[in-house]
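Engineer: I'd like to ask you about the structure that follows.
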Amino acid sequence: MQDHIRGSEVIKIYRIDFPDGAFYIGQTRQDLRTRLLAHRSNPVNWGVWGRLLRLPTPRISVLSKHFKQERADAAELSQIRKAEKESPRKLLNVNGRDIERNWRKTGKPPLPNGRGAPFSRKRVPKDGYNRKPGFFVCSWCRKRLDSSMFYSDRSRSSGLCSRCKTCSNLKQAAIYAAVKGGGTASEGYQKAKRIVRG
């Protein structure tokens, strides 16, 4: 059950202890049970997510409660620094370090957005991204096609996906069918690759 004071939700600094000795420190406005379920369904922090899948139910406890975001962030960082000194290799923390890095970079306390303003990446605007024109070879069907036949991919220097649109669509359809049929995404991927390459 959530705590309410003057109509605002209390921010809780919590700690999850696992049977193998590892632990995680974070903050939440939710009740602890709901937060634990969120960790189970979200693999952003692989250390926490993986342990929740394969280890017995962990122990979760509240370290402190706060009404202001800045104080909650400071308390979380304090708990993380203390834990890092005691047993640095057992700490499974990501968000607290992002808060600290953002705080040091800007010189200002994190914004009161409910999650403590995680470190934000500099994103390239869509209009300003270089998508190279010309002809490119699809990595699957080996056909030489115009750049308009490829989807955009910002992670590549060309700005284009390595597969053409036809192969990409076939891959997505095969993965969807495999997962829907009780298989894995990897099986669907390999099946689509075999169909294209013969």
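Engineer: Condition (residue is of a type outside the set (Asp, Glu), open to solvent by 40 Å² or more (accessible area, probe 1.4 Å) and modelled with pLDDT under 60) applied to region 128-146: is it met by at least one residue?
Structural biologist: Yes: one or more hits.
Engineer: Sort through Lys171, Lys193, Lys180 and tell me the only one that's on the phi < 0 side of the Ramachandran plot and open to solvent by 70 Å² or more (accessible area, probe 1.4 Å).
Structural biologist: Just a single option satisfies the conditions, and that option is Lys180.
Engineer: Residues that are of a type in the set (Ser, Thr, Tyr) and at pLDDT 65 or above: does region 66-84 have at least one?
Structural biologist: yes
Engineer: Against the definition (modelled with pLDDT of 80 or more, farther than 30 Å from Val10 by Cα and open to solvent by 100 Å² or more (accessible area, probe 1.4 Å)), how does Arg163 come out, yes or no?
Structural biologist: No; evaluated as a whole, the condition is false for this residue.
Engineer: On to the next question. Could you look through region 147-158, keep only residues that are in contact with a strand residue (DSSP E or B) (Cβ under 9 Å, 6 or more places away or on another chain) and open to solvent by less than 90 Å² (accessible area, probe 1.4 Å), and pick out the one that is modelled with the lowest pLDDT?
Structural biologist: Ser158
Engineer: Moving on. Name the residue that is farthest from Ile11 (Cα to Cα), counting only residues in region 27-67 that are touching an Asp or Glu at 6+ places or on another chain (Cβ under 6 Å) and either open to solvent by 40 Å² or more (accessible area, probe 1.4 Å) or in a helix (DSSP H, G or I) (or both).
Structural biologist: Ranking the candidates gives Arg59 first.
Engineer: Filter region 46-60 for residues that are touching a Phe, Trp or Tyr at 6+ places or on another chain (Cβ under 7 Å) and more than 12 Å from Ile16 (Cα to Cα) and give the result.
Structural biologist: Scanning region 46-60 gives a single hit, Leu55.
The values are calculated or read from the model by the stated rules, or taken from the named source; none is laboratory data. Since we're looking at a predicted model, the values are computed, not measured. Virtual Cβ from ideal backbone geometry, glycine too; neighbours counted across all protein chains shown. When the accessible area is computed, the model is the full protein with side chains, heavy atoms only, and any ligands, DNA or RNA have been set aside. Shrake-Rupley method; radii C 1.70, N 1.55, O 1.52, S 1.80 Å.
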